[in-house]
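Since the structure comes first, as structure tokens, the remarks are kept for the end.
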Amino acid sequence: MRITGAEIVMKVLLENGVDTIFGYPGGTVLHIYDEIYKYSDKIRHVTTSHEQGASHAADGYARATGKTGVVFATSGPGATNLVTGIATAYLDSTPLVAITGNVATPFIGRDSFQEVDICGVTMPVTKHNFMVKDVNKLADTLREAFVIARAGRPGPVLVDIPKDIQIATAEYEMCSTQPSKKGHNNGVKAFETALEIIRQSRKPFIYAGGGVVSSDASKELELFAEMIDAPIGTSMMGISGVSYDNKRYLGMTGMHGKFCSTKAMAESDLIIAVGTRFSDRATGNKVKFVDGKKVLHIDIDPAEIGKNIPVYVALVGDVKEVLQKLIDKLPDMERPEWEKTVEEIKNCPDSHLEMDKSRLNPQSIIETVNKLVPSDTVIATDVGQHQMWVAQYYKFRKPRTLLTSGGLGTMGFGMGAAIGAALGTGKRSVLFTSDGCFHMNMNELATIANNNIPVLIVVMNNNALGMVRQWQTIFFGKRYSNTSLNRNTNYVKLADAFDIKAKRITEMGELEDAVKEALKENRPYLLEAVISPDERVLPMIPPNGTIKDIILK
Amino acid sequence: MKEEKFLMSMLVKNEAGVLTRVSGLFARRGFNIDSLSVGETLDPKISRITITATGDDYVKEQIRLQLEKLHDVIIVKNMDMKNTVMRELMLIKVNVPQGKRIEILEATTIFRAKVVDLTPDSLTLEVTGDTNKCNAFLEYMVPFGVVELCRTGLTAIGRGKDLLLGEQEANSEE
């Protein structure tokens, strides 16, 4: 069958089971968009207000569903607008395929209208990228892009297709490609050593990261913890990988982690790190972090082993498989003494910091939403204080229910992510955001309204850039340089302009009814909750610090 | 950890942008390249890159692991410098008037260099060898007035059975 390059794009999407794509049309993707029009019964295209929103939506779609996200943009500014979204996906290892148009091959390199070397631009933030210069290679290149995006540690891949390649025709034959499961050879010795140090350890601590979520290894992780009788803490990306209800789960560790989790980790003699890369936000001082401990590192990416933390032994591979292998080999263990210590840490007051409930406060807002939505509701966040509060106070019970920009820390990620999640799951998603982040991508309210996407947007408005302000409070003598926003945005009127229902609340007494009201209909809603700019994220371990430096008040 | 010079050989797909991907990776991870040479292999679809860099064991291992993640990289190996033949080629142009060239020609013979161009005012010499030899020759030539210098950077090949795409180490898990 001889078809155009533009149609080949559609065919390969279908081969890969893609039914939803995000994007924004433009001059160099006209031919692709013509096919999107023709294939609209098979593939749903969601047009956003801005390409950045589309890239975050594709990312959120991928995180919530486990499928590969797909985003389209035109050349030049369309392509560069994707970059933040691609980088966000790269840092959090989300499978994403970005397809951009470019000027026709004879015009490349001549600074033509809307020409940009997007492969050059995205080289450091993609697993790989391609420019297709021969229509006969288009189908295979796209297939390869999907394989690369999913293989090993997932990540974004960009395919740049010049306009003339979209118009040219080539033979197309359907074919399905599966990522080859590249087995990792850890050697008998590493495996034996791992089993040995687990047996020898008196105080093991399981530190789980985003790899547990992306490899769907929650069940294995919980079983593993049960067998070796160890507590579990997570990085922020690991949240939702372990159910809040698991009695072994102590919460997030790190800079703003729960006291009990960070403390138990510090007290342990063996850290079993599962699908995590020891970000500086999670470890604090890297030398003291591992002082007197052994580290067993399980990760799919060999380059993560020893990158940030020296390890005693590493097992490279898909964490689900590696955990299963360990489970098969390990006897049931009991460590009553360690269990008792952990229990004590868990029950100490520092592990249960509460916010001032006499006023409308983030904890109560988060807990109220938590109480009123089903446990499989996907929660998206932006970045900053509210993100940490969600990580601390929301009780996640199902994997893939927290979408947050962990690595890149992208303000404005949440709006797109919530859109992608709602469309991917077919259910309402909730976006917790702040006044600062909301303003970054509020243009996507139009996308939410136009497509009637059920997203509950909770804007915690403190009239400030709270996290930066908090640092200014602690480290910069309260010199609040450009963090007091006082924008006077009328959120209710703004939402109304987009035809979205909204409400503003300022008192505790209004909270529960307002959330109930917001959830009444399965349609978009914006709830502005006014909070104090002086609310802080606690506990806090200053950068490069340890549990000894923890700030609790 | 001790910093030392190390040498890395890799096979990569001979495609546009590969060199940028490889060198870009060094730059963004904060590692410096001391020298780099690249050329086609017997298979025109594959190129071989030789890189020398300086760093401790951490840097050495991280670079290898990060390079291996690049889609276009087929294999990377940290070469054992004791069991590797290493060569670079250097061209030196020296401005020396006629009649003052005896010493230079003498050195050229001793270093097994070659005269590759000769004009009334200048001599161009070619020397091949490992880095130490090239440096020694250069040092000797500087007082005569070196006006231009080009070095290819080191290229390297393992001795005897030491092949880049050698048999994979057999070491099974269970």
Among (1) under 24 Å from the mean Cα position of the chain (by Cα); (2) farther than 26 Å from A:Phe259 by Cβ; (3) modelled with pLDDT of 95 or more - the single one A:Thr276 does not satisfy: (2)
Failed criterion for B:Asn95 (all others in (1) outside the structural domain of B:Met141 (by TED's automatic domain parsing); (2) farther than 21 Å from A:Asn308 by Cβ; (3) surrounded by fewer than 19 Cβ atoms within 10 Å (Cβ to Cβ) hold): (1)
Subset of the stretch A:148-173 that is β-branched (Val, Ile, Thr) and within 10 Å of chain B (Cβ to nearest Cβ) - its residue that is farthest from A:Ala79 (Cα to Cα): A:Ile148
Residue in the stretch A:196-207 that is out of contact with any Lys or Arg (no Cβ under 9 Å at 6 or more places or on another chain) and either within 14 Å of chain B (Cβ to nearest Cβ) or under 18 Å from A:Lys346 (Cα atoms) (or both) present: yes
Residue match in the stretch A:266-286 (condition: within 14 Å of chain B (Cβ to nearest Cβ) and surrounded by fewer than 18 Cβ atoms within 10 Å (Cβ to Cβ)): yes
Counted residues, the stretch A:301-328 - those being more than 10 Å from chain B (Cβ to nearest Cβ), in contact with a His (Cβ under 8 Å, 6 or more places away or on another chain) and not in a strand (DSSP E or B): 2
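Under the condition of being at positive phi and away from chain B (no Cβ under 14 Å), which residue from the stretch A:82-139 is surrounded by the most Cβ atoms within 10 Å (Cβ to Cβ)?
Per the stated criteria, the residue is A:Gln114.
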Filtered residues of the stretch A:5-36 (kept if more than 17 Å from A:Leu158 (Cα to Cα) and either modelled with pLDDT under 95 or part of a helix (DSSP H, G or I) (or both)): A:Glu7, A:Lys11, A:Leu14, A:Glu15, A:Gly27, A:Leu30, A:His31, A:Tyr33, A:Asp34, A:Glu35, A:Ile36
Scan of the stretch A:153-171 for residues that are buried (at least 19 other Cβ atoms within 10 Å of the Cβ) and over 15 Å from A:Gly101 (Cβ atoms), ordered by number: A:Arg153, A:Pro154, A:Gly155, A:Pro156, A:Val157
Residue that is of a type outside the set (A, V, I, L, M, F, W, C), at pLDDT 95 or above and over 30 Å from B:Asp57 (Cβ atoms), where the choices are A:Lys320, A:Lys329: A:Lys320
Qualifying residue in the stretch A:465-477 (condition: in contact with a Phe, Trp or Tyr (Cβ under 6 Å, 6 or more places away or on another chain), small (Gly, Ala, Ser) and within 16 Å of A:Thr433 (Cα to Cα)): no
One residue from A:Asp534, A:Asp496 being at pLDDT below 95 and out of contact with any Gly (no Cβ under 7 Å at 6 or more places or on another chain): A:Asp534
Lone unmet requirement of (1) more than 23 Å from the chain's Cα centre (by Cα); (2) at pLDDT below 95 for A:Glu144: (2)
Within the stretch B:1-17, considering residues that are out of contact with any Lys or Arg (no Cβ under 8 Å at 6 or more places or on another chain) and charged (D, E, K, R), the one farthest from the other protein chains (Cβ to nearest Cβ): B:Lys5
Residue in the stretch A:219-234 that is within 17 Å of the chain's Cα centre (by Cα) and assigned by TED's automatic domain parsing to the domain that holds A:Lys294 present: yes
Test: residue in the stretch A:148-170 that is in contact with a Phe, Trp or Tyr (Cβ under 7 Å, 6 or more places away or on another chain), under 21 Å from A:Ile305 (Cβ atoms) and outside the structural domain of A:Gly60 (by TED's automatic domain parsing): no
Residue tally, condition buried (at least 16 other Cβ atoms within 10 Å of the Cβ) and without any contact (Cβ under 8 Å) to a residue 12 or more places away in the chain, over the stretch A:466-503: 1
Residues of the stretch A:106-131 that turn out to be under 30 Å from A:Pro302 (Cβ atoms) and in contact with a helix residue (DSSP H, G or I) (Cβ under 8 Å, 6 or more places away or on another chain), as a count: 13
Unmet requirement for A:Gly409, which otherwise passes all of (1) free of Cβ contacts under 8 Å to residues at least 60 places away in the same chain; (2) more than 16 Å from the chain's Cα centre (by Cα); (3) within 29 Å of A:Ser261 (Cα to Cα): (2)
Checking A:Val213 against (1) farther than 27 Å from B:Leu70 by Cα; (2) touching a residue at least 60 places away in the same chain (Cβ under 8 Å), the condition it does not meet: (1)
Count - residues of the stretch A:59-77 that are within 9 Å of A:Gly23 (Cα to Cα) and small (Gly, Ala, Ser): 1
Test for A:Ala225: is it away from chain B (no Cβ under 14 Å), free of Cβ contacts under 8 Å to residues at least 60 places away in the same chain and outside any loop (DSSP other than H, G, I, E, B): yes
Criterion violated by B:Thr54 - all others in (1) touching a Lys or Arg at 6+ places or on another chain (Cβ under 8 Å); (2) under 26 Å from A:Ala151 (Cα atoms) satisfied: (2)
Residue match in the stretch B:29-41 (condition: within 14 Å of another protein chain (Cβ to nearest Cβ) and either farther than 29 Å from B:Glu139 by Cβ or touching a Pro at 6+ places or on another chain (Cβ under 8 Å) (or both)): yes
Index of the failed condition, B:Thr20 passing every other in (1) buried (at least 18 other Cβ atoms within 10 Å of the Cβ); (2) within 13 Å of chain A (Cβ to nearest Cβ): (1)
All helices (runs of 4 or more DSSP H) inside the stretch B:43-162 with 1 or more residues being within 14 Å of another protein chain (Cβ to nearest Cβ) and either in contact with a Gly (Cβ under 6 Å, 6 or more places away or on another chain) or not β-branched (Val, Ile, Thr) (or both): B:57-69
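Name the residue, out of A:Lys340, A:Lys398, that is at pLDDT 95 or above, in a helix (DSSP H, G or I) and under 28 Å from A:Ala266 (Cα atoms). Walk me through it before giving the result.
Values: A:Lys398 fails: in a helix (DSSP H, G or I).
Answer to the check: A:Lys340.
The values are calculated or read from the model by the stated rules, or taken from the named source; none is laboratory data. Just so it is clear, the model here is predicted, and its values are computed rather than measured. Quick reminder, even Gly has a Cβ in these numbers, built from the backbone with ideal geometry, and neighbours come from all protein chains shown.
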